[in-house]
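K.L.:
Handing you this structure, nothing more for now.
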Amino acid sequence: MNIRHLSFALALFASLPFLAYADETRMDSKSSQTSSSLQADGGMKYLLTFALRGGKDSRNEAITRFKKTKGEPPKGVKLLGRVTRLDFSKVFVLVETQDAAALAQYALEWSDVFEVHTMPVMDDVRLMEVLERVSQ
């Protein structure tokens, strides 16, 4: 098997569409606020990228581990979505957490087989809130 086979396996097992931000911007029936404006209560959102490192042994370990764990993050980290590039070169995972240690644990659990990068992100609704504050 080569890297394309691994990527195909990861795509089969891991590819979930990113949750549309439409869900975040939809009005909550019990409140006049959008759920996105409550993001601070739910935690920060992070985009993680996973790129396979190493050769055949790393690939086989990644496949075995993913089949066993389904790539679920640890307690304290909510998986919002996961997608794989069509050329199978990377996996992108969107999570939400208030627990930096749990997020670090998630990255560490896969860092022996993937190069993992973590970046904080925000949706357009939160961005607009920031832009409104700045422009005032």
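K.L.:
Give L94, L103, L108, L86 a once-over and let me know the one that is closer than 28 Å to G54 by Cα and part of a loop (DSSP other than H, G, I, E, B).
P.N.:
On the way: L94 fails: part of a loop (DSSP other than H, G, I, E, B); L103 fails: part of a loop (DSSP other than H, G, I, E, B); L108 fails: part of a loop (DSSP other than H, G, I, E, B).
One residue alone meets the criteria, L86.
K.L.:
Right, another one. For the range 84-115, which residues satisfy the criterion of being at pLDDT 95 or above and either in contact with a Ser or Thr (Cβ under 7 Å, 6 or more places away or on another chain) or among the small types (G, A, S) (or both)?
P.N.:
F92, A100, A101, A102, L103, A104, A107, S111
K.L.:
Quick one: is G71 over 12 Å from F114 (Cβ atoms), surrounded by 15 or more Cβ atoms within 10 Å (Cβ to Cβ) and not aliphatic (A, V, I, L, M)?
P.N.:
Working: over 12 Å from F114 (Cβ atoms): no; surrounded by 15 or more Cβ atoms within 10 Å (Cβ to Cβ): yes; not aliphatic (A, V, I, L, M): yes.
It is false that G71 is over 12 Å from F114 (Cβ atoms), surrounded by 15 or more Cβ atoms within 10 Å (Cβ to Cβ) and not aliphatic (A, V, I, L, M).
The values are calculated or read from the model by the stated rules, or taken from the named source; none is laboratory data. Quick caveat, the model's predicted, so the values are computed rather than measured. Using ideal geometry, Cβ is built from the backbone for each residue, glycine included, and neighbour counts are taken over all protein chains shown.
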